[in-house]
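Visitor: Shown below is the structure under consideration.
The values are calculated or read from the model by the stated rules, or taken from the named source; none is laboratory data. These figures come from a predicted structure and were not determined experimentally. Because the Cβ atoms are built from the backbone with ideal geometry, glycine has one as well, and the counts that use them run over all protein chains shown. Ligands, DNA and RNA are stripped out before the accessible areas are found, and what is left, the full protein with its side chains, is counted by its heavy atoms. Shrake-Rupley method; radii C 1.70, N 1.55, O 1.52, S 1.80 Å.
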Amino acid sequence: MKITSTQDNGITIIRLSGRFDATVADQFKESVQQLCEKGLSNFVIDMSDVSYIDSSGLGSIITFLRKIRLAKGDIKVASLSDKVRSIFQLTRFHRVIEIFDNSESATLSFNTLHGKE
Amino acid sequence: MSQQKMLWPPLTVDQCRLRAREKIDMKALILLKEKNCRWVRSFFPSRHPGMITLCNNSILEFMVDFAILSGCTEIRMVMDEPGMDVEQFFKSGSRWGARISYGNSMDGDTLGHILEKNHAFCKDTSLLILDGFFFINYDKSLDYSQLISLNEPGINLTCSTGSMFYVEDEAAVSSFTQDPVDCPECSISPLATLDDLLQISIRIMESEQNHYVLPGYGSEEGMVIGSNVEINPTARIIKPVILGNNVRILGETVVGPNATIGNNVIIDSGSQVEQSIIMDGSYVGHHLTIKQKIVEGQRVIDPRYQKTLTVEDGFLFSKMETNQSFSIVRTMINLLVGLCLAGVQLIPYILLGSIRKIQKDWSVKTTACFMDSQGTTRTFDMVHNNLTTCTGKIFAALSLDKFPLLGSVIKGKLRIVGNRLLEATPKNRKQLHDFPEYIPGAFFYSESDGFAPDSPEEEISERFYAVNRTVLKDAIMLLKALIARLT
Amino acid sequence: MTKGDTVTVKLLGRLDGENPGNLRRVIAQMLVENDRMVVDCSKLEYMNSEGLGALISCLRIAISSGGDIRLAEVMPSVKIMLELTRADKVFQIYVTTEDAVASFNS
Amino acid sequence: MVRNDIMDKMELKFSPTLKNAQMGTIAAAKIASAFYNLIKNDDPDQNFSTDVELAVGEACTNCVKYSENLDTGDKTVIVTFETDDEKLVIQVKDQNPEFDFHGVSVPDFSEVPEGGYGIFIIREKMDLVTYMHTNGWNCVTMTKFIASPII
């Protein structure tokens, strides 16, 4: 799996591609750890090129989320394939992580503050 | 519903053309918020509220039909609770001729938030937004694409459980005013209680059947019938009724008025169903009166008390697993094979039969046998064959002892291949209790394997083939049985 | 406890496959003393076909000896059962136990 | 007892490393879709192979994870595929100590746990899941029907 990250006025966009499973979970943990150490707190995970994700992948995202929420930051995921989204739904991730059509709108949503009903 | 005046001036043909060109396409956004339909889950825990059926059409399907009728080419369903069964059912929407996609929102997301999350879907297009859990009253004979795209400023219908409105583009939502813009051609009714469900389904049946796309054949007014429906001649059907696929209505029953019977349902003898909904895969036992009730499997729900009764003895109600046992292919094959065999056996049967009558070493006894694990019985002519005599042996070798059964096979009352016909005795009833897959046949599985009756091997093979039965396998079993008997 | 010559029976919990047998016995026993009976169902949560069968057979006994069994304070779940099985046509059902008792005396 | 000699069988053997588990999973997905296309060549159903891929993936990853903790000699993981005209039966076997498969319950989603989704996903995605521990082998058997399950 390839992990690349870009900055967009204070929001870090992490692009993943390939299979997100146990073989790369640690790799993911490390690279996000480095980003955290830079003091970054707002992330968008762009999964448009993620072909497959399993529980280890999900687990590492949750670990990441926990860390970030402690630092008063947030993580949003964007452009999930149907395959990936259905797993998010199955494991009820959509209740804890906001899912967006594309990383642009995810990035914007950090700035616009919508009140909850 | 339709006493309002027309809210927009009639347009000239040119204007219409112009407008038609302006409107490239329209998309529909269906928001299924748990808070609007949570109440449904307490009554129907097994499926997503949107999959609850009215007149055998799921509530979501009504919404999708309307969206397409209004000229939507793409539909997105956004759910804040998992809806695997919804996605399983609608898939990519090819069956409806529209592209259907799905999204997940969080509990308590505002409309603005949801639009943002589905930005790629919503951007630069006009939107029909269905936000809530309600029923749309419409009439498929009207042209809603014109209505919605030409009506200024679209429509905005609101009821206690949600709203349906039209926006030129997603930006318009933020500046959207909540003052209702009704239109005479359609309205929405809230779905807040079971009574709403029941009343709407009754209303549709009584007067609006041809307003909607209902599954089945509308053979005559006030009657919609699915495929492969078996109605006993002694049963009374009082219109209006809607029957799903694979419905069996047994003797001395009264169905209707205003009864919706779902798919794969058996209404057993002497029962009465009126002003009620029987959901898919239910079995309604003997001599029951179901009036203003909703039945799903073993659950009987009374809208008046908002109360569910779970009936624990299978004699009254039970959930039926839908298996392929009713498929038309199978019935056809049964018929054909039955006819062929009967044709082949007719002459030998008469000849040998008459000889053996003189010898008095066989008898035909009409016996009541179980038809399913619920204990429904039917009588058959069973040959009690004496295998010691040589004619007896020939008789068995040519499977002539099955001949009397072929009658009921051809009538479609019995399968050509199935489980061993069990005589209607309490002992057998017990045995069937944990054997939901039991479907009897003229030839039975264990005999094709040559296992002795009541041996453990027999039970294993009976159960194994019952669980794994397919048309193909059954054919093989039949051949094996015939050969096994010959040798 | 007996009120006048009408006996009131209170059923608690569930009336299903477990206990209709002894219900039949008990009620039959009581019917020997007096054949007018009110069954207080205010605490009867569930009843299945067997339980109902038992109750009906008791009713037969009562009627045969010129009496009757009347139900009172039936919970919805049980009411639904009675309606489904048409037993609501066989039993007279009253809102309160008092009404049921009174109905015998009037 | 139950005679399933009608079923075709193939087997996949590998040593418990994550890389192998991954390749095994991909193979399983390929086999599943190939099988699906053979049976019903009409509509290519994505979900079938996807579901199998997920279930097998989780099963294999588990095998590897548990063998990591204790490195006693070389172990193998065996994935067996059995097919007939209506179902695909996949068996994942490893030599790790027995574990309480049936004791594993649905994760408490409100807690948002970091793990423990594996067996839940397997149960969700397959029609029939059984676990056995026989002479040193953990054996998870997963069945998926082409049509909706009759059972």
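Visitor: Can you pull the mean other chain C-beta count within 10 Å for peptide B:109-117?
Guide: Mean inter-chain Cβ contacts per residue within 10 Å come to 5.
Visitor: Please build a GNM for chain D, connecting alpha carbons under 10 Å apart, and tell me which residue among D:THR134, D:THR61, D:THR17 fluctuates the most.
Guide: Per the Cα network of chain D with a 10 Å cutoff, D:THR134 tops the list.
Visitor: Quick one: of the DSSP bridges fully inside region A:2-113, what percent are antiparallel, nearest 5? If you can, show how the numbers build up before the last one.
Guide: Working: 7 of 23 bridges.
Roughly 30 percent of the beta bridges in region A:2-113 run antiparallel, per DSSP.
Visitor: About its Cα centre, how strong a charge dipole does the protein assembly as shown have in debye, to the nearest 20, once Lys and Arg get +1 and Asp and Glu get -1 at the Cβ?
Guide: It works out to roughly 1900 debye.
Visitor: Picking from A:ALA78, A:ALA25, A:ALA106, which is most flexible by a Gaussian network model of chain A using Cα springs under 10 Å?
Guide: Fluctuation is largest for A:ALA25.
Visitor: Quick one: accessible surface of B:VAL364, probe radius 1.4 Å, all protein chains present, in square angstrom to the nearest 10.
Guide: 70 Å²
Visitor: Continuing with the same structure: Over chain B, what is the mean sequence separation of C-alpha contacts under 8 Å (at least six apart), divided by residue count, expressed as relative contact order in percent?
Guide: 9 percent
Visitor: I've got another one for you. Rg and Dmax of chain B, Cα atoms, in Å?
Guide: When restricted to Cα atoms, chain B yields Rg and Dmax of 28.3, 96 Å.
Visitor: Turning to a different aspect of this structure: Please identify the DSSP H helices in chain A that span no less than 15 Å along the helix axis (Cα) and have a mean Kyte-Doolittle hydropathy of -1.0 or more.
Guide: A:22-37, A:55-70
Visitor: Please compute the contact order of chain A in relative form: average sequence separation of alpha-carbon pairs under 8 Å and at least six residues apart, divided by the residue count, as a percent. Intermediate values should be presented prior to the final figure.
Guide: Details: 180 pairs, mean separation 29.0, N = 117.
Dividing the mean separation by the residue count of chain A yields 25 percent.
Visitor: A follow-up question, please. Over region B:327-486, with every protein chain in place, what whole percent of the accessible area is carbon and sulfur at 1.4 Å, could you tell me?
Guide: Summing carbon and sulfur atoms, their accessible area is 71 percent of the total for region B:327-486.
Visitor: Something else: With every protein chain in place, what's the accessible area of B:TRP39 (1.4 Å probe, Å², nearest 10)?
Guide: Accessible area of B:TRP39: about 50 Å².
Visitor: Using a 1.4 Å probe and ignoring any ligands, DNA or RNA, find the accessible area of B:ASP280 and quote it in Å² to the nearest 10.
Guide: Taking all protein chains as shown, B:ASP280 has close to 50 Å².
Visitor: Further question on the same structure: Averaged across orientations, what area in nm² does the convex hull of the alpha carbons in the protein assembly as shown project? Walk me through the numbers on the way to the answer.
Guide: Working: hull surface 190.9 nm².
Over every viewing direction, the Cα hull of the protein assembly as shown projects on average to 47.7 nm².
Visitor: Stretched out fully, how many nm does the piece from B:ASP381 to B:GLN431 gain, at 0.36 nm a residue minus the Cα gap?
Guide: 15.8 nm
Visitor: To the nearest 100 Å², how much accessible surface do chains B and D hide from each other in total, with a 1.4 Å probe? Walk me through the numbers before you get to the answer.
Guide: Values: alone 22620 and 9040 Å², together 30340 Å².
For B against D, buried area totals roughly 1300 Å².
Visitor: I've got another one for you. Translational diffusion coefficient of region B:327-486 at 4 °C, 1.567 mPa s, Stokes-Einstein with Kirkwood Rh over Cα pairs, in µm²/s as a whole number.
Guide: 81 µm²/s
Visitor: May I pose another question? Roll a 1.4 angstrom probe over the protein heavy atoms and tell me the percent of accessible area of region D:10-145 that is carbon or sulfur.
Guide: It is 53 percent, rounded to a whole number.
Visitor: Also, quick follow-up: Ranked highest first by the average count of other Cβ atoms within 10 Å around their residues, in what order do C:48-61, A:92-105, D:28-41 fall?
Guide: Ranked from most to least packed, the peptides come out as A:92-105, C:48-61, D:28-41.
Visitor: Okay, moving on. Which value results when the Cα radius of gyration for chain D is divided by 2.2 N^0.38 Å?
Guide: Against the compact-globule rule of thumb, the ratio is 1.05.
Visitor: I'm a student and want to see the number: the projected area of the Cα convex hull of chain A, averaged over all directions, in nm².
Guide: Averaging across all directions leaves 6.9 nm² for the Cα convex hull.
Visitor: What does DSSP give for region B:217-319 in terms of the percent of beta bridges that are antiparallel, rounded to the nearest 5?
Guide: 35 percent
Visitor: For the ranges B:129-141, B:227-239, B:251-263, what's the packing order if you count other beta-carbon atoms within 10 Å of each residue, average per peptide, and put the highest first?
Guide: Most protected by this proxy first, the peptides run B:251-263, B:129-141, B:227-239.
Visitor: Taking only C-alpha pairs under 8 Å that are 6+ residues apart, what is the relative contact order of region B:327-486 in percent?
Guide: Relative CO of region B:327-486 lands at 23 percent.
Visitor: Let me confirm the definition first: pairs of Lys residues in region A:33-117, 8 or more apart or on different chains, C-alpha distance under 28 Å. How many are there?
Guide: Taking the Cα cut-off of 28 Å, the pair count is 8.
Visitor: Next up: Helix-only mean residue ellipticity at 222 nm, chain B, DSSP H runs n ≥ 4 weighted -39,500 (n - 2.57), per residue, nearest 500. What is it?
Guide: On the way: 16 runs with 159 residues, N = 487.
Mean residue ellipticity at 222 nm (helix-derived): -9500 deg cm²/dmol.
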